[in-house]
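Visitor: The structure is given below, and queries will be raised subsequently.
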Amino acid sequence: MIKKGILSLIIGCTLLSCSNNELKKDNIKSTFDKTPKWVSKSFNTINGHAKNMLSEVLKFKQTPRSTERGLKPSRDWTSGFYPGTLWYLYEYSRNDQWQKDAQKVTQLLEKEQYNTEDHDVGFRIYCSYGNGWLLTKNNSYKKVVIQAAKSLATRFNEKTKTIQSWNANEKRDWKFPVIIDNMMNLELIYEAYKLSGDKNLKRVALTHADQTMKYHYRKDFSCPHVIDYDPETGEFRKMDWNNGFCDPNTAAWSRGQSWGLYGYTMMYRETKDPKYLKFAENIANFITDHPKMPKDFVPYWDYSCPKPKSMRDASAAAIMASALLELSEYSEQYGQKYFNIAEIALKSLSSIEYLAPVGTNENFIIKHTTGNYLAGSEVNGSLSYGDYYYTEGLIRYLKIINNQKLY
């Protein structure tokens, strides 16, 4: 466990510097008793970007995906992240206007509760309606969360014991592909189980998590992006890649490692099963102790690339930091270490190197994120999920130093 309120490793003052271009007249006030200056400056920047983005979102009734792809309709897998960021701004400030704005944008995703085409209904709905439910206890949000979880559960296969991520792809020789990202979407299913009492949802979440532990991870607790199963027999077929380095036997795509860390930390939160805590700690230690991890804890796009490029993925850092903060609350042995590293990563992301000044960067928050490096897609730009998990990480950080429960 960490000793709350004791700030750890000190980063150079350059990491705490703030752009002179920030909108000083549009500061947002924190409702937390302890809010370090660097955090309040970061939230002022988040506030400014989110406000600037809002008019476009409401005008076109679409949500932002990336600086490369702009706004996208609700069926895009990233549609839930911007409304989720608005909900976090409301949680930070308790400003009624942010609640109203979050409600408006969240409403754009309502039909996605019935989407059974891929696993991403979890991202779409939990980040938007799920956060809305947690903060408002609006019963209409509860119903959407439950329905979305049931939609996601239709992709569960009793033989593979997993939720199918994408549909079969003959060109890639995928019969039943499951990606590590899927661990994130178990949060939707488990929340719906708690709200509905549907024990089948609990079974689906537990079974998928356990099967992923068995087949998706290597002995060093790294994982590839994709695992393929035979849907008829349930047999494991192969490790493969879609994102990250193209050698499926060694690839350790940095965002994928962060997805897994977050997912197993969440599974421990919900079950208190020590096997999930230990697994999350093992993943965390693979990431944080990796010899190719930069000193600012903003990783390269893949830990295993034989010739590391300078291309970072700040979204991987944001997800990692948010997950490590929660894990620091559960881990007796490594809690202080995880808190310290998360703090460094968040301060790095809050520096002028990564945090875009308000009025720039097409209203996205975090720079130097990488979508799919080998495909040349959304490389060294900004991604809505990087913004979302960065904001979530700051909220979790404030809760910890203010001695508040995360959940």
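The values are calculated or read from the model by the stated rules, or taken from the named source; none is laboratory data. Just so we're clear, the structure is a prediction, and the values are computed from it rather than from any experiment. All Cβ positions, even for glycine, are placed from backbone atoms using ideal geometry, and neighbour counts span all protein chains on display. Heads up: the accessible areas ignore ligands, DNA and RNA and are worked out on the full protein's heavy atoms, side chains in. Shrake-Rupley method; radii C 1.70, N 1.55, O 1.52, S 1.80 Å.
Visitor: Going through the stretch 216-239 one residue at a time, which ones are under 22 Å from the mean Cα position of the chain (by Cα) and hydroxyl-bearing (S, T, Y)?
Guide: Residues satisfying the conditions are Y217, S222.
Visitor: Against the conditions (1) open to solvent by 50 Å² or more (accessible area, probe 1.4 Å); (2) free of Cβ contacts under 8 Å to residues at least 40 places away in the same chain; (3) farther than 15 Å from N157 by Cα, where does S196 fall short? Just the number, please.
Guide: (2)
Visitor: A further question follows. Could you grab me the full set of residues in the stretch 269-291 that are open to solvent by 30 Å² or more (accessible area, probe 1.4 Å) and farther than 22 Å from Y390 by Cα?
Guide: Result: E270, T271, K272, D273, P274, K275, K278, N282, P291.
Visitor: Also, quick follow-up: Among the residues that make up the stretch 37-49, is at least one of them open to solvent by 10 Å² or more (accessible area, probe 1.4 Å) and within 27 Å of S196 (Cβ to Cβ)?
Guide: Residues of the stretch 37-49 that are open to solvent by 10 Å² or more (accessible area, probe 1.4 Å), as a first pass: 37-38, 40-41, 44.
If we keep only those that are within 27 Å of S196 (Cβ to Cβ) too, we end up with none.
Among the residues of the stretch 37-49, not one is open to solvent by 10 Å² or more (accessible area, probe 1.4 Å) and within 27 Å of S196 (Cβ to Cβ), which makes the answer no.
Visitor: Going through the stretch 285-318 one residue at a time, which ones are among the aliphatic types (A, V, I, L, M), assigned to a loop (DSSP other than H, G, I, E, B) and at pLDDT 95 or above?
Guide: From the stretch 285-318, those among the aliphatic types (A, V, I, L, M) are 287, 293, 298, 311, 314, 316-318; that's our starting set.
Okay, now just the ones that are also assigned to a loop (DSSP other than H, G, I, E, B), so 293, 298, 311.
Across the stretch 285-318, the qualifying residues are M293, V298.
Visitor: Return the only residue of D247, D230 being farther than 22 Å from M320 by Cα and either at pLDDT below 95 or aliphatic (A, V, I, L, M) (or both). So that I can check it myself, show each step before the final result.
Guide: On the way: D230 fails: either at pLDDT below 95 or aliphatic (A, V, I, L, M) (or both).
Just one listed residue meets the conditions, D247.
Visitor: Please enumerate the residues belonging to the stretch 346-403 that are more than 16 Å from D296 (Cβ to Cβ) and part of a strand (DSSP E or B).
Guide: Hits for the stretch 346-403 are N372, S377, G381, L383.
Visitor: What are the residue pairs meeting all of these: first residue in the stretch 132-154, first residue free of Cβ contacts under 8 Å to residues at least 40 places away in the same chain, second residue outside any helix (DSSP H, G or I) and open to solvent by 50 Å² or more (accessible area, probe 1.4 Å), Cβ atoms under 7 Å, and 6 or more apart or on different chains?
Guide: From the stretch 132-154, the pairs are S151/T116; T154/T116.
Visitor: Condition first: surrounded by fewer than 17 Cβ atoms within 10 Å (Cβ to Cβ) and either of a type in the set (F, W, Y) or part of a loop (DSSP other than H, G, I, E, B) (or both). Now tell me which residues in the stretch 149-174 satisfy that.
Guide: Once the filter is applied, which keeps residues that are surrounded by fewer than 17 Cβ atoms within 10 Å (Cβ to Cβ) and either of a type in the set (F, W, Y) or part of a loop (DSSP other than H, G, I, E, B) (or both), the stretch 149-174 yields T154, E158, K159, N167, A168, E170, K171, R172, D173.
Visitor: Go through the stretch 27-55 and report how many residues are aromatic (F, W, Y) and without any contact (Cβ under 8 Å) to a residue 60 or more places away in the chain. Spell out the reasoning first.
Guide: From the stretch 27-55, those aromatic (F, W, Y) are 32, 38, 43; that's our starting set.
The next check asks that each one be without any contact (Cβ under 8 Å) to a residue 60 or more places away in the chain; those that pass are none.
Residues that pass the stated criteria total 0.
Visitor: While we're looking at this one, here's another question. Confirm whether S140 is open to solvent by 10 Å² or more (accessible area, probe 1.4 Å) and in contact with a Lys or Arg (Cβ under 7 Å, 6 or more places away or on another chain).
Guide: Working: open to solvent by 10 Å² or more (accessible area, probe 1.4 Å): yes; in contact with a Lys or Arg (Cβ under 7 Å, 6 or more places away or on another chain): no.
When the stated conditions are applied, S140 does not pass them.
Visitor: Please go through the stretch 331-367 and pick out each residue that is open to solvent by less than 20 Å² (accessible area, probe 1.4 Å) and aromatic (F, W, Y).
Guide: Matches in the stretch 331-367: Y338, F339, Y354, F364.
Visitor: Filter the stretch 279-299 down to residues that are of a type outside the set (V, I, T) and under 17 Å from the mean Cα position of the chain (by Cα), then give me how many there are.
Guide: Quick first cut of the stretch 279-299, residues of a type outside the set (V, I, T) only: 279-282, 284-286, 289-297, 299.
Cutting the leftovers down to under 17 Å from the mean Cα position of the chain (by Cα) gives us 280, 284, 297, 299.
Final tally of qualifying residues: 4.
Visitor: Those residues that are over 21 Å from F123 (Cα atoms) and of a type in the set (A, V, I, L, M, F, W, C), I need them from the stretch 169-181; list them, please.
Guide: W174
Visitor: Could you check L325 against (1) under 17 Å from the mean Cα position of the chain (by Cα); (2) of a type in the set (A, V, I, L, M, F, W, C); (3) closer than 23 Å to P224 by Cβ and say which number it fails?
Guide: Here L325 clears every test but (3).
Visitor: A further question follows. Looking at P64, P73 in this structure, which one is within 18 Å of E378 (Cβ to Cβ) and either surrounded by fewer than 19 Cβ atoms within 10 Å (Cβ to Cβ) or of a type in the set (S, T, Y) (or both)?
Guide: Details: P64 fails: either surrounded by fewer than 19 Cβ atoms within 10 Å (Cβ to Cβ) or of a type in the set (S, T, Y) (or both).
Only one candidate qualifies: P73.
Visitor: Out of the stretch 79-120, which residues are within 25 Å of T162 (Cβ to Cβ) and either open to solvent by 50 Å² or more (accessible area, probe 1.4 Å) or in contact with an Asp or Glu (Cβ under 6 Å, 6 or more places away or on another chain) (or both)?
Guide: Y114, T116, E117
Visitor: If you go through the stretch 240-254 one residue at a time, do you hit one that is under 17 Å from the mean Cα position of the chain (by Cα), assigned to a helix (DSSP H, G or I) and buried (at least 24 other Cβ atoms within 10 Å of the Cβ)?
Guide: yes
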